[in-house]
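The values are calculated or read from the model by the stated rules, or taken from the named source; none is laboratory data. Just so you know, these numbers come straight off a predicted model, no measurement behind them. Cβ atoms come from the backbone with ideal geometry, glycine included; neighbour counts cover every protein chain shown. Quick note on the areas: whole protein, heavy atoms, side chains included, nothing else; ligands and nucleic acids left out. Shrake-Rupley method; radii C 1.70, N 1.55, O 1.52, S 1.80 Å.
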Amino acid sequence: MGRETVVALVGKPSSGKSTTLNSLTSAQAKVGAFPFTTIEPNKASGFLEVECACSRFGKSESCKPNYGYCRGGKRGVPIMLLDVAGLVPNAHLGRGLGNKFLSDLTEADCLIHIVDVSGTTDAEGKATRGYDPLNDIEWLQDEIFHWILGNLMEKWGSVVRRHTSTKSSTLETLRQQLGGYNANKELIARALDLVNPLPPLQEWDNAKIEEVVRAFMDVKFPTVLSLNKMDHPDSDKNVSKIILKHPKLRCVLTSSITEVFLRKLASQNYIKYDLGTEFIDTIDDLGPESGLKPLDDKIRNRIENIRDLVLYRFGSTGLVQLLQEAANLLDLVPVYPVRNINTFTGGSGEYVFRDCVLIKKGTPVISVARKIMGEVTIASIEGVGGTRVGEEDTVDVGKNDILSFKIVPGGGAH
Ligand SMILES: Nc1nc2c(ncn2[C@@H]2O[C@H](COP(=O)(O)OP(=O)(O)OP(=O)(O)O)[C@@H](O)[C@H]2O)c(=O)[nH]1
């Protein structure tokens, strides 16, 4: 089986990592207002919301996923989230939880960098007012850069000697040096493609090595910014500054504390909450026949505030969009393996689209088969309408994303 996609939540202490993780999962990571509440990396399953294949075929009534959920054609596909413990300036020199934080990152396929845009926490996560969050954006990238560069430079002399004496390719030598960051050959090749021109490795000067490290970071640690605490009155001006200075960064405005609160009210039956939207309904909106609980003044006021300060201004709390942006960055496509390609049902024959896996767009269907079924002998692969799909055909949204794998009868592992 291939490994799961892992999205790491990173950011300085008290930026809101645990709150964000809580808002995206049912896991209760410890939430605190003090730096280093999160000591161990904290893994949990979040749910990426996608348009389910059942809605394409008018089969939402009989869609019941094995994992995650499907509500009226909106499907939550499980995706692994990792809360990485606090980072302080100069972590690469071993400060704070320094190198531990950095090595936890290697598991990740992409990063969500949580930035406290309210300016109410300083570089180390301590309470303040008027801190400029622009500092934090560049700082995370710099920490990762210095960590990788430092590790590489420490032994660069012997790397070059070995490279020339063994007549290795640049790709092979870098695979040995960068493989420890959980990077395979294909990923390193993609990084090298970004470096132009690429002279022979023994001729690289410091500037070229730095360029290679930056390119490696771009493919190994693609990043979405979560501009968090947008409910705070000071956040607006900081957000504008960030977007003006970094127009190309991928960012999503979020209020994770609001999302936690709304999900809690929904689970306690005070509100109906359409995840990812501005719509919340209370008994005041829907009447007693809705079955919702009556509100006391405290909750009613808080809901009104949330509507005014977050939902109506920004359209949502941003949390659903945040995971979607991470999935876009990784080009992930939901792919549905089905037993019966005509009815889309699984083993029991009752429910449709029981399984869904997230696959990188452009992956050949044979690799999808391997990821799902392991090393079995595949006799043929069928797509919608029972058409035969070639092993090297690739997946995309709406194309080869519903597949039935036929295994050679009695053909076990080879
Ligand atoms: N106003 C506001 N406060 C938030 C938001 N998200 C988190 N907070 C508050 O910020 C503080 C820190 O949140 P945590 O989620 O514990 O932060 P963390 O990044 O996990 O912190 P460490 O565990 O120290 O690394 C808590 O008091 C939260 O209630 C938000 O969206 N808006």
Q | Rule-of-thumb Rg ratio for segment 243-310 [Cα; 2.2 N^0.38 Å; N residues] | A | 1.36
Q. How far apart, in nm, are two points set 7 Å out from the Cα along the Cα-to-Cβ line at GLU210 and at LEU171?
A. 2.8
Q | Highest-first arrangement of 273-284, 140-151, 113-124, where packing means the average Cβ count within 10 Å | A | 113-124, 140-151, 273-284
Q.
Highest mean first, how do 167-174, 298-305 rank when packing is the count of other Cβ atoms within 10 Å averaged over residues?
A. 167-174, 298-305
Q.
Pairs of alpha-carbon atoms within less than 8 angstrom and 6+ residues apart define the contacts here; what relative contact order does the chain have, in percent?
A. 16
Q. Packing-wise, with mean Cβ within 10 Å as the measure, how do 13-20, 189-196 rank, highest first?
A. 13-20, 189-196
Q) Can you put HIS163, HIS232 in order of accessible area, largest first, using a 1.4 Å probe? A) HIS232, HIS163
**Q.** Bins of 10 Å, starting at 0 and running to the largest distance - Cα pair percent for segment 156-203
**A.** 26, 56, 19
Q.
Given contacts defined as C-alpha pairs under 8 Å and at least six residues apart, what's the relative contact order of segment 291-414, whole-number percent?
A. 24
Q.
Give me the Å³ per residue figure for the convex hull around the C-alpha atoms of the chain.
A. 166
Q. At 222 nm, what helix-only mean residue ellipticity would the chain give, in deg cm²/dmol to the nearest 500, using -39500 (n - 2.57) for each DSSP H run of four or more?
A. -10000 deg cm²/dmol
Q | Where the chain is the region considered: accessible area per residue in Å², 1.4 Å probe | A | 47
Q | Restraint check, LYS208/LYS229; LYS245/LYS298; LYS185/LYS245; LYS74/LYS229; LYS12/LYS248; LYS220/LYS245, Cα-Cα greater than 32 Å | A | LYS208/LYS229; LYS245/LYS298; LYS185/LYS245
Q. log10 I(q)/I(0), Debye, Cα-only segment 304-390, no solvent, q = 0.15, 0.21, 0.23 Å⁻¹?
A. -0.71, -1.05, -1.17
Q) What residues from segment 304-318 fall in the zone where the backbone N is under 17 Å from a label point 7 Å along the Cα-to-C-beta line of ASP236? A) 305-316
**Q.** Theoretical gain in end-to-end length, LYS264 to ILE378 [0.36 nm per residue, Cα-Cα removed]
**A.** 36.5 nm
(Q) Can you tell me which of GLY179, GLY11, GLY46 moves the most in a GNM of the chain? Springs connect C-alpha atoms under 10 Å apart. (A) GLY179
